[in-house]
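Chemist: The structure is given below, and queries will be raised subsequently.
The values are calculated or read from the model by the stated rules, or taken from the named source; none is laboratory data. The model shown is predicted, which means the values in this text are computed figures rather than measured ones. For neighbour counting, all protein chains shown are included, and Cβ atoms are generated from backbone atoms with ideal geometry for every residue, glycine included.
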Amino acid sequence: MEALVQWFSENLSQYISPEAVIFIISMIPILELRGGLLAASLLKISAAKAIPLCIIGNIIPIPFILLFIRQIFKWMKKTRLFRGMVEALENRAMKKSDNIKKYEFWGLMLFVGIPLPGTGAWTGSLIASLLNIDIKKASISILCGIALATVIMYVVSYVLVGNIVH
């Protein structure tokens, strides 16, 4: 992930402001808020400025995933070109869904909030949609997970990595 964060930071910052870079990174699957805050730390953007930008960037895709991903996947499965990719995404997401099925709200919140590979708001939203979790419950759980991830990644990016880099 660090290599992707660094690549996006270096390449995008040539064309747009560092703040726009972290906002965009926070919207990208896999990187999300954790990548945005790490990039902000490396770009020496204050936490007070970075945290709201990263949270908003991470939140923007969530309603679209919750509301439309099943219909998009259904349409994509009708084409030979996308069928395999969609099925692979669904299978990968569902492999991670056991604790979310079992604990629903808390499971989804922890899945989104604990920054491990393959977790985050994008995958959490996808799983919530595929499991037909109530959109209001899923949204609140995902927002709580984003808040938890923000606290954890602030400590990692600004306290731990920030002290090592600076």
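Chemist: Just to be sure I understand the filter: pairs with C-beta atoms under 8 Å, separated by 6 or more residues or on different chains, first member in region 6-20 and farther than 15 Å from Leu31 by Cα and among the acidic types (Asp, Glu), second member outside any helix (DSSP H, G or I) and modelled with pLDDT of 90 or more. Which pairs pass?
Modeler: Glu19/Ile45
Chemist: Of these, Ile30, Ile59, which one is modelled with pLDDT of 95 or more and within 15 Å of the chain's Cα centre (by Cα)?
Modeler: Working: Ile30 fails: modelled with pLDDT of 95 or more.
When all the criteria are applied, what remains is Ile59.
Chemist: Quick one: would you say Ser97 is within 19 Å of Ser139 (Cβ to Cβ), touching a residue at least 40 places away in the same chain (Cβ under 8 Å) and assigned by TED's automatic domain parsing to the domain that holds Gly145? Let's see the steps before the verdict.
Modeler: Values: within 19 Å of Ser139 (Cβ to Cβ): yes; touching a residue at least 40 places away in the same chain (Cβ under 8 Å): no; assigned by TED's automatic domain parsing to the domain that holds Gly145: yes.
In short, no.
Chemist: Right, something else. Go through region 34-54 and give me each residue that's without any contact (Cβ under 8 Å) to a residue 60 or more places away in the chain and part of a helix (DSSP H, G or I).
Modeler: Gly35, Gly36, Ala39, Ala48, Lys49, Ala50, Pro52, Leu53, listed by residue number.
Chemist: Something else now. Considering every residue within region 69-80, establish whether at least one is under 16 Å from Ser129 (Cβ atoms), exposed (fewer than 13 other Cβ atoms within 10 Å of the Cβ) and basic (Lys, Arg). Spell out how you get there, then give the answer.
Modeler: First, the residues of region 69-80 that are under 16 Å from Ser129 (Cβ atoms): 69-77.
Now drop any that are not exposed (fewer than 13 other Cβ atoms within 10 Å of the Cβ), which leaves 71, 74-75.
Filter again for basic (Lys, Arg), leaving 74.
There is at least one residue in region 69-80 that is under 16 Å from Ser129 (Cβ atoms), exposed (fewer than 13 other Cβ atoms within 10 Å of the Cβ) and basic (Lys, Arg).
Chemist: Oh, and also: Search region 7-33 for residues being among the polar types (S, T, N, Q) and either assigned to a helix (DSSP H, G or I) or touching a helix residue (DSSP H, G or I) at 6+ places or on another chain (Cβ under 8 Å) (or both), and hand back the single one that is surrounded by the most Cβ atoms within 10 Å (Cβ to Cβ).
Modeler: Taking region 7-33 and keeping what is among the polar types (S, T, N, Q), we get 9, 11, 13-14, 17, 26.
Subset that is either assigned to a helix (DSSP H, G or I) or touching a helix residue (DSSP H, G or I) at 6+ places or on another chain (Cβ under 8 Å) (or both): 9, 11, 13, 26.
Working: Ser9: 20, Asn11: 10, Ser13: 15, Ser26: 28.
Selected residue: Ser26.
Chemist: Follow-up. Could you grab the pairs with beta carbons closer than 9 Å, sequence gap of 6+ or different chains, first residue in region 101-123 and farther than 20 Å from Ile25 by Cα, second one among the β-branched types (Val, Ile, Thr) and exposed (fewer than 15 other Cβ atoms within 10 Å of the Cβ)?
Modeler: Once the first residue is farther than 20 Å from Ile25 by Cα and sits in region 101-123, its partners that are among the β-branched types (Val, Ile, Thr) and exposed (fewer than 15 other Cβ atoms within 10 Å of the Cβ) give Phe105/Ile140; Met109/Ile140.
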